[in-house]
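Asker: If you scroll down you'll find the structure; I have some questions about it.
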Amino acid sequence: MLGRHVVRRLREAGCDVRVLSRRKHSPGDGVEFVTGDLASGEGIEAAVAGVGTIVHLAGSAKGDEAKARSLVRAASRAGVRHLVYISVIGADRVPMVSGIDRAMFGYFGSKLAAERVVSDSGLLWTTLRASQFYDLLLMVAEQMAKLPLIPVPAGFRFQPVDTDEVAARLVELALGEPAGLVPDMAGPRVYAMADLVRGYLRARHKRRLFVPLRLPGQAARAVRAGANLSPERNVGHRTWEDFLAERLSSPRGSRSGPA
């Protein structure tokens, strides 16, 4: 998702690009693919050989720390000059205290652990924390809309941002000098989770009933308090409404289902 946008923008900037992917791809115009896996270490050495800048985009709810360690070890041996990493707003503010926290919000803890690997690597680095992407929230809304009664986490708010706008910022950072932890990047508006889903339902001409659900744990409490928001960094331009209008009017987004 993010990777496709970053690759396109790097090519538009005139950069040759090498992509590490778990699946085989045919080479494209100025894009070389190396088959490998950060988890197993396969293909990493070949992917980083002769590379000046790495943009590390992989992310999951667990395993990011180990994957980052594999990458920085190979990058250090290859003499990489700049490592750019994408993290998430709230990585340092959403606590991972209990199993419930890790089960529901492990992505935040995983990102923070990988951030520390990057910053302690000895490489010159840049890390950008971004808010949740519209594409991700669309997938969540689509799944929720399949239910006749939608449980919505009470008090949860999001400040989502456009994936391509984040890609543009990452490319800008990759082409610049290493800058450490740079200011956050969030979307232009803060939405309650229920309002995000309602916006999707309106765009799909559907109706559903909502049931507020109060999630337990310290991580959920932090999210209710706005730990995942960055109102002072509302630098994105595209809104949720803009995104839905474009995505759901396109052939890819025009699938219809029962109301």
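The values are calculated or read from the model by the stated rules, or taken from the named source; none is laboratory data. From a predicted model like this one, the values you see are computed outputs, not experimental measurements. Neighbour counts run over all protein chains shown; Cβ positions are idealised from the backbone, glycine included.
Asker: When you scan region 128-145, do you find a residue that is in a helix (DSSP H, G or I), closer than 23 Å to Leu83 by Cβ, under 18 Å from the mean Cα position of the chain (by Cα) and hydrophobic (A, V, I, L, M, F, W, C), even just one? First the steps, then the outcome.
Answerer: Residues of region 128-145 in a helix (DSSP H, G or I): 134-144.
Subsequent filtering for residues that are closer than 23 Å to Leu83 by Cβ retains none.
The answer is no, given that none of the residues of region 128-145 is in a helix (DSSP H, G or I), closer than 23 Å to Leu83 by Cβ, under 18 Å from the mean Cα position of the chain (by Cα) and hydrophobic (A, V, I, L, M, F, W, C).
Asker: If I filter region 23-43 for residues that are outside any loop (DSSP other than H, G, I, E, B) and buried (at least 21 other Cβ atoms within 10 Å of the Cβ), do I get at least one hit? Before you say what the answer is, go through the steps one by one.
Answerer: We begin by selecting, within region 23-43, every residue outside any loop (DSSP other than H, G, I, E, B); these are 28, 31-35.
Going one step further and asking which of them are buried (at least 21 other Cβ atoms within 10 Å of the Cβ), we end up with none.
No, there is no match, as no residue in region 23-43 is outside any loop (DSSP other than H, G, I, E, B) and buried (at least 21 other Cβ atoms within 10 Å of the Cβ).
Asker: Give the number of residues within region 170-190 that are of a type outside the set (Val, Ile, Thr) and crowded, with 20+ Cβ neighbours inside 10 Å. Spell out how you get there, then give the answer.
Answerer: Quick first cut of region 170-190, residues of a type outside the set (Val, Ile, Thr) only: 170, 172-181, 183-189.
If we keep only those that are crowded, with 20+ Cβ neighbours inside 10 Å too, we end up with 170, 173-174, 184-187.
Residues that pass the stated criteria total 7.
Asker: So, in region 193-238, how many residues would count as being under 19 Å from the mean Cα position of the chain (by Cα) and surrounded by fewer than 18 Cβ atoms within 10 Å (Cβ to Cβ)?
Answerer: So the count comes out to 5.
Asker: Give the residues of region 239-248 that are more than 19 Å from the chain's Cα centre (by Cα) and under 16 Å from Ala192 (Cα atoms), sorted by residue number.
Answerer: Step one: of region 239-248, the residues more than 19 Å from the chain's Cα centre (by Cα) are 241-242, 245-246, 248.
Once the filter is applied, which keeps residues that are more than 19 Å from the chain's Cα centre (by Cα) and under 16 Å from Ala192 (Cα atoms), region 239-248 yields only Glu241.
Asker: Go through (1) under 20 Å from Val118 (Cβ atoms); (2) outside any strand (DSSP E or B) one by one and return the number of the condition Leu20 breaks.
Answerer: Leu20 satisfies all of (1) under 20 Å from Val118 (Cβ atoms); (2) outside any strand (DSSP E or B) except (2).
Asker: Testing Leu123 on (1) part of a loop (DSSP other than H, G, I, E, B); (2) in contact with a strand residue (DSSP E or B) (Cβ under 8 Å, 6 or more places away or on another chain); (3) farther than 26 Å from Thr239 by Cα; (4) at pLDDT below 95, one condition comes back false. Which one is that?
Answerer: Leu123 satisfies every listed condition except (4).
Asker: Being more than 21 Å from Ala167 (Cβ to Cβ) and not polar (S, T, N, Q) is the filter here; which residues of region 1-26 pass it? Working first, answer last.
Answerer: Taking region 1-26 and keeping what is more than 21 Å from Ala167 (Cβ to Cβ), we get 24, 26.
Correct list: Lys24 only.
Asker: In region 120-135, which residues are surrounded by fewer than 20 Cβ atoms within 10 Å (Cβ to Cβ) and in contact (Cβ under 8 Å) with a residue 12 or more places away in the chain?
Answerer: Initially, region 120-135 is screened for residues surrounded by fewer than 20 Cβ atoms within 10 Å (Cβ to Cβ), giving 120-124, 135.
Within region 120-135, Ser121, Gly122, Leu123, Leu124, Asp135 qualify.
Asker: Looking at (1) in a loop (DSSP other than H, G, I, E, B); (2) surrounded by fewer than 16 Cβ atoms within 10 Å (Cβ to Cβ), find the lone condition where Ala91 falls short.
Answerer: (2)
Asker: Quick check: is even one residue across region 244-256 part of a loop (DSSP other than H, G, I, E, B), over 18 Å from Leu136 (Cβ atoms) and modelled with pLDDT of 95 or more?
Answerer: No, region 244-256 contains no residue that is part of a loop (DSSP other than H, G, I, E, B), over 18 Å from Leu136 (Cβ atoms) and modelled with pLDDT of 95 or more.
Asker: When you check Glu65 against the structure, is it of a type in the set (Asp, Glu), over 20 Å from the mean Cα position of the chain (by Cα) and not in a loop (DSSP other than H, G, I, E, B), yes or no? It would help to see each step written out before you state the result.
Answerer: Working: of a type in the set (Asp, Glu): yes; over 20 Å from the mean Cα position of the chain (by Cα): no; not in a loop (DSSP other than H, G, I, E, B): yes.
In short, no.
Asker: Next up: Read through the list (1) touching a Lys or Arg at 6+ places or on another chain (Cβ under 9 Å); (2) within 23 Å of Thr126 (Cβ to Cβ), then give the number of the only condition that Pro188 fails.
Answerer: The number of the failed condition is (2).
Asker: Go through region 39-64 residue by residue and tally those that are among the acidic types (Asp, Glu) and farther than 21 Å from Thr126 by Cβ. I'd like the intermediate steps shown before the answer.
Answerer: Our first condition is that a residue be among the acidic types (Asp, Glu); within region 39-64, this holds for 42, 45, 64.
In the following step, the residues that additionally are farther than 21 Å from Thr126 by Cβ were identified as 42, 45.
Summing the residues that are among the acidic types (Asp, Glu) and farther than 21 Å from Thr126 by Cβ in region 39-64 gives 2.
Asker: Now for a different question. I'm told Asp195 meets every condition in (1) part of a helix (DSSP H, G or I); (2) touching a residue at least 40 places away in the same chain (Cβ under 8 Å); (3) over 25 Å from Thr127 (Cα atoms) except one. Can you identify the failing condition by its number?
Answerer: The one condition Asp195 does not meet is (2).
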